[in-house]
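Enquirer: Sharing a structure, written as structure tokens. Questions coming.
The values are calculated or read from the model by the stated rules, or taken from the named source; none is laboratory data. Computed from a prediction, not measured in an experiment: that's the story for all the values here. Note that we place each Cβ from the backbone using ideal geometry, even for glycine, and neighbour counts take in every protein chain shown.
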Amino acid sequence: MKPKFVLFALVSALAALVLSGCTGRAALTNSWPGLASDGEIAYLASGQFVYAIDLENGREIWRYPSKGSNSIHFIAQPVVAPDGTIVVGSSGSDHRLVAIDPSNIDASTNSPVEKWIFTEARSSWVAGALILNNKVFAPNSDGNLYVIDLQDGSSSKSALQKISLGGALWAQPSTDGSLVYVASLDHQLHAINPENYQFAWPPIDLGGAAPGTPLVGPDGNVYIGSFTSEVVKVDPSSGTDTLVTSTQGWVWGGPVTDGQNIYFGDLEGNLFAVDAASGNQSWSIQPDGPVVGSPAVMGENIVFATESGSIYSVDSEGKIIWQKDLGGQIYTSPVVTTDKIIVAPMQAEFALAVLDTDGNQVWTYTPEN
Amino acid sequence: MWQTFIIQPFTNLLLWIYSLMANIPGAFGWAIILFTIVIRAITWPLNAQQLKGAQAMQELQNDKDWQAIQKKYAKDKEKLAQEQMRVYKEKGINPFGSCLPTLIQFPIIIGLYQAIIRALASAPLGLLQLARSVYPSLSVAALIPLNSHFLWMDLGQPESISIFGFNLPTLAIIVAITTYIQSKLTMPATANPGDQSAAMGKTMSIYMPLLLGYFALTFASGLSVYFITSNLLGIFQYAVTGRANWRNLLPGGDQQAKAKAK
């Protein structure tokens, strides 16, 4: 009977190990990193830290927090407020939304000081916040949009308003200045007055989850894609939606615009351009893999990343200018400055890469332990 | 391979069941329960074989020949093992017949757990993996995100109920109790004090509830729903096949059973 005991104990231990391996908080909230830039510094929210990297040379300026913790995990896009404050939320078991002050570095830890912390949310922060009129509109996976005063001076925040929207919120809100648009995983698009927090119109049923940021287009309409493999536009005055185009796969990333076309990708590996004025599809191309993140407009060209680890630059006619294979998988939307493209791949040899406008790699960054 | 043959089919089966009852409150919890019933039905012959094997091993412990060999070769382990194998062959008993079906449960538990976590997708990468796992014949775009709430639980998180500020892990307790009851019911009476099989069964009846209770305490409560449903179905199976030893549940019941066996 002894071998049976040993066998049973071994199998039990193995089962515990395997189950543990797929359930640790970090694993539960594991996802692609969040990325932002103020033009001089790249902010990478990845794993236990938010890193500030000098865009000139790829050197780490600071990281927050100074020491990693299993309860804090970052995947949401950091957001840079007009005063330089960085707002970012944790997707770990510690559901904190924190504002950090990069101008106030603790010399002993070389880590920026927290301006304030907000701990009322009940679930993960997956999306970045929207900052409008000194208010933070922060979407949480608990289905609430929390409105927080950015400048009231308190170090421990309470929400000015908790707007319950139902389903998990994984998309950064957007605004046209008069309304805040929030898409949810439970298929809804909401429009909220940022002053009185009233809904402008009843939520629009998109028919599928919408994890991408809604776009306020050049025509004033709001464009949003969803898992129904469709992109619709919504008239913000009436709250009525119209089909713009159907795609081959689910639309994940939010659309972007160069003022003429609307650009977006799908999970079947297509990039689409739709003329905003006519509503007609201008062109579509098939890169080397699914397009999960949003494209970015850089001057006359459009830059986007594929899951296969490539970065593309295309012109407004859909002609590929260059393609650069960085390796790994790229889900995070690339961030562009006037002369740099910042990319945060997963499972690559580095955590961050910067390319110039011709697709040449300028530097890469890998965090040191 | 694990992905293709275990996680993907499990995830799709769960999603398919969920899609049939998406409008019912707590649909994902009901989907797990139905899934468990399906798995139990598929593994019914295996469980029956396990029961049969355990019974045969138990009867062997009371066999005169078996007891004689134990005494005769007590100091010669090699010879004892040879003789035991001879008896197994003669009586047509597979010594692992009661053990292997139990071991088969582990891949199911692990696969189900991974399927639950994948289906509930608590982060973007998980949702992307879910999108990739879904068979083309299954249209789930409208179903996502799955509603993870069932009764008072979030099936993607460990469960507890706050009572006077104390978080009581009710599901973990129910898992431990039902596992204990199930294992007790399957322990046949034996009159042989040196019966190693009975000793092992007794140890297991304590060890298994603790192990599964720990899993229920630590992991997503969807797994606990599986454990409880599976245990209740197991108890039902023992009862309908007439193999449940209800006396074992009573205080001193095993002593009475032993006396009866003598």
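Enquirer: In the list A:Gln286, A:Gln347, A:Gln329, which residue meets the criterion of being at pLDDT 95 or above and surrounded by fewer than 19 Cβ atoms within 10 Å (Cβ to Cβ)? So that I can check it myself, show each step before the final result.
Expert: On the way: A:Gln347 fails: at pLDDT 95 or above; A:Gln329 fails: surrounded by fewer than 19 Cβ atoms within 10 Å (Cβ to Cβ).
Criteria check complete, one pass: A:Gln286.
Enquirer: OK, next. Would you pick out the residues in region B:48-64 that are acidic (Asp, Glu) and part of a helix (DSSP H, G or I)?
Expert: Filtering region B:48-64 for residues acidic (Asp, Glu) gives B:59, B:63.
Residue satisfying the conditions is B:Glu59 alone.
Enquirer: Turning to a different aspect of this structure: For region B:158-207, give me each residue that is of a type in the set (Phe, Trp, Tyr) and either crowded, with 16+ Cβ neighbours inside 10 Å or modelled with pLDDT of 85 or more (or both).
Expert: Step one: of region B:158-207, the residues of a type in the set (Phe, Trp, Tyr) are B:164, B:166, B:180, B:207.
Selection gives B:Tyr180, B:Tyr207.
Enquirer: A:Ser111: surrounded by fewer than 21 Cβ atoms within 10 Å (Cβ to Cβ), over 22 Å from A:Pro194 (Cβ atoms) and either free of Cβ contacts under 8 Å to residues at least 24 places away in the same chain or touching a Ser or Thr at 6+ places or on another chain (Cβ under 9 Å) (or both), yes or no? Walk me through it before giving the result.
Expert: Numbers: surrounded by fewer than 21 Cβ atoms within 10 Å (Cβ to Cβ): yes; over 22 Å from A:Pro194 (Cβ atoms): yes; either free of Cβ contacts under 8 Å to residues at least 24 places away in the same chain or touching a Ser or Thr at 6+ places or on another chain (Cβ under 9 Å) (or both): yes.
Yes, satisfied.
Enquirer: Can you find even one residue in region B:16-35 that is among the hydroxyl-bearing types (Ser, Thr, Tyr), within 21 Å of the chain's Cα centre (by Cα) and modelled with pLDDT of 80 or more? Let's see the steps before the verdict.
Expert: Restricting attention to region B:16-35, the residues satisfying the condition of being among the hydroxyl-bearing types (Ser, Thr, Tyr) are B:18-19.
With the extra rule that they be within 21 Å of the chain's Cα centre (by Cα), the set shrinks to none.
Within region B:16-35, not a single residue is among the hydroxyl-bearing types (Ser, Thr, Tyr), within 21 Å of the chain's Cα centre (by Cα) and modelled with pLDDT of 80 or more.
Enquirer: Please count how many residues of region A:290-347 are within 16 Å of the chain's Cα centre (by Cα) and on the phi > 0 side of the Ramachandran plot.
Expert: Of the residues in region A:290-347, 0 are within 16 Å of the chain's Cα centre (by Cα) and on the phi > 0 side of the Ramachandran plot.
Enquirer: Which of the residues that make up region A:138-160 are closer than 18 Å to A:Ala127 by Cα and of a type outside the set (A, V, I, L, M)?
Expert: Just the residues of region A:138-160 that are closer than 18 Å to A:Ala127 by Cα, to begin with: A:138-148, A:150, A:159.
Correct list: A:Pro139, A:Asn140, A:Ser141, A:Asp142, A:Gly143, A:Asn144, A:Tyr146.
Enquirer: Take region A:281-303 and flag every residue that is part of a loop (DSSP other than H, G, I, E, B) and hydrophobic (A, V, I, L, M, F, W, C). Spell out the reasoning first.
Expert: Of the residues in region A:281-303, the ones part of a loop (DSSP other than H, G, I, E, B) are A:286-295, A:299-300.
Within region A:281-303, A:Val291, A:Val292 qualify.
Enquirer: Tell me, which residue of region A:184-206 that is within 14 Å of chain B (Cβ to nearest Cβ) and of a type in the set (S, T, N, Q) is surrounded by the fewest Cβ atoms within 10 Å (Cβ to Cβ)? Before you say what the answer is, go through the steps one by one.
Expert: Step one: list which residues in region A:184-206 are within 14 Å of chain B (Cβ to nearest Cβ), which gives A:184-188, A:205-206.
With of a type in the set (S, T, N, Q) added as a condition, the list becomes A:184, A:188.
On the way: A:Ser184: 24, A:Gln188: 19.
Only one residue fits best here, namely A:Gln188.
Enquirer: Would you mind finding the one in A:Ser93, A:Ser69, A:Ser124 that is within 14 Å of chain B (Cβ to nearest Cβ) and surrounded by fewer than 24 Cβ atoms within 10 Å (Cβ to Cβ)?
Expert: Numbers: A:Ser69 fails: within 14 Å of chain B (Cβ to nearest Cβ); A:Ser124 fails: surrounded by fewer than 24 Cβ atoms within 10 Å (Cβ to Cβ).
Every option except A:Ser93 fails the conditions.
Enquirer: Right, here's the next one. Within region B:111-126, can you find the residues that are surrounded by fewer than 23 Cβ atoms within 10 Å (Cβ to Cβ), hydrophobic (A, V, I, L, M, F, W, C) and not in a loop (DSSP other than H, G, I, E, B)?
Expert: B:Leu125
Enquirer: I need a count of the residues in region A:144-181 that are under 30 Å from B:Leu143 (Cβ atoms) and either more than 14 Å from chain B (Cβ to nearest Cβ) or of a type in the set (Val, Ile, Thr) (or both).
Expert: Adding up the residues that qualify gives 11.
Enquirer: Hey, another quick one. Any idea how many residues of region B:211-225 are away from every other protein chain (no Cβ under 12 Å) and either more than 13 Å from B:Ile173 (Cα to Cα) or touching a Gly at 6+ places or on another chain (Cβ under 9 Å) (or both)?
Expert: Qualifying residue count for the region: 1.
Enquirer: Please verify whether region A:330-351 includes one or more residues that are of a type in the set (S, T, N, Q), in a strand (DSSP E or B) and under 22 Å from A:Pro211 (Cβ atoms).
Expert: The first filter runs over region A:330-351 and keeps only residues of a type in the set (S, T, N, Q), leaving A:332-333, A:337-338, A:347.
When the remaining residues are screened for being in a strand (DSSP E or B), the result is none.
No, the conditions are met nowhere in region A:330-351.
Enquirer: Now, a different point. Does region A:261-273 contain any residue that is within 14 Å of chain B (Cβ to nearest Cβ) and over 22 Å from A:Ala296 (Cβ atoms)? Spell out how you get there, then give the answer.
Expert: So the first thing to find is which residues in region A:261-273 are within 14 Å of chain B (Cβ to nearest Cβ), and the list is A:265-269.
Those left that are additionally over 22 Å from A:Ala296 (Cβ atoms): none.
No; the residues of region A:261-273 include none that is within 14 Å of chain B (Cβ to nearest Cβ) and over 22 Å from A:Ala296 (Cβ atoms).
Enquirer: Follow-up. Tell me, which residue of region B:127-144 that is part of a helix (DSSP H, G or I) and more than 10 Å from chain A (Cβ to nearest Cβ) is nearest to B:Phe5 (Cα to Cα)?
Expert: Taking region B:127-144 first, the residues part of a helix (DSSP H, G or I) are B:127-133.
Those still in the list that are more than 10 Å from chain A (Cβ to nearest Cβ) too: B:129-130, B:133.
Working: B:Gln129: 16, B:Leu130: 15, B:Ser133: 11 Å.
Of everything passing the filter in region B:127-144, B:Ser133 is nearest to B:Phe5 (Cα to Cα).
Enquirer: Of the residues A:Ser66, A:Ser71, A:Ser103, which single one is in a loop (DSSP other than H, G, I, E, B), more than 18 Å from A:Gln172 (Cβ to Cβ) and in contact with a strand residue (DSSP E or B) (Cβ under 9 Å, 6 or more places away or on another chain)? Give the derivation first.
Expert: Working: A:Ser71 fails: in contact with a strand residue (DSSP E or B) (Cβ under 9 Å, 6 or more places away or on another chain); A:Ser103 fails: in a loop (DSSP other than H, G, I, E, B).
Exactly one residue qualifies, and that residue is A:Ser66.
Enquirer: Then there's this: Working carefully through the options A:Pro236, A:Pro290, find the one that is touching a Ser or Thr at 6+ places or on another chain (Cβ under 9 Å) and more than 27 Å from A:Val362 (Cβ to Cβ). Lay out the reasoning, then the answer.
Expert: On the way: A:Pro290 fails: more than 27 Å from A:Val362 (Cβ to Cβ).
Going through A:Pro236, A:Pro290 in turn, just one is touching a Ser or Thr at 6+ places or on another chain (Cβ under 9 Å) and more than 27 Å from A:Val362 (Cβ to Cβ): A:Pro236.
Enquirer: While we're on this one: Does region A:241-250 include one or more residues that are within 14 Å of chain B (Cβ to nearest Cβ), over 20 Å from the mean Cα position of the chain (by Cα) and in a strand (DSSP E or B)? Reasoning before the result, please.
Expert: Taking region A:241-250 first, the residues within 14 Å of chain B (Cβ to nearest Cβ) are A:246-250.
Remaining after also requiring over 20 Å from the mean Cα position of the chain (by Cα): A:246-248.
Imposing the further condition that a residue be in a strand (DSSP E or B) reduces the set to A:246.
Yes, because at least one residue in region A:241-250 is within 14 Å of chain B (Cβ to nearest Cβ), over 20 Å from the mean Cα position of the chain (by Cα) and in a strand (DSSP E or B).
Enquirer: Still on this structure: Against the condition within 14 Å of chain B (Cβ to nearest Cβ), more than 18 Å from the chain's Cα centre (by Cα), under 26 Å from A:Ser31 (Cα atoms) and among the polar types (S, T, N, Q), how does A:Ser141 come out, does it pass?
Expert: Working: within 14 Å of chain B (Cβ to nearest Cβ): yes; more than 18 Å from the chain's Cα centre (by Cα): no; under 26 Å from A:Ser31 (Cα atoms): yes; among the polar types (S, T, N, Q): yes.
Here the answer is no, as A:Ser141 does not meet what is asked.
Enquirer: What tally of residues in region B:145-189 results from selecting those that are assigned to a loop (DSSP other than H, G, I, E, B) and closer than 30 Å to B:Gln50 by Cα? Steps first, answer last, please.
Expert: Going through region B:145-189, the residues assigned to a loop (DSSP other than H, G, I, E, B) turn out to be B:145-148, B:151-152, B:155-160, B:164-165, B:169, B:186-189.
Narrowing further to those that are closer than 30 Å to B:Gln50 by Cα: B:186-189.
Qualifying residue count for the region: 4.
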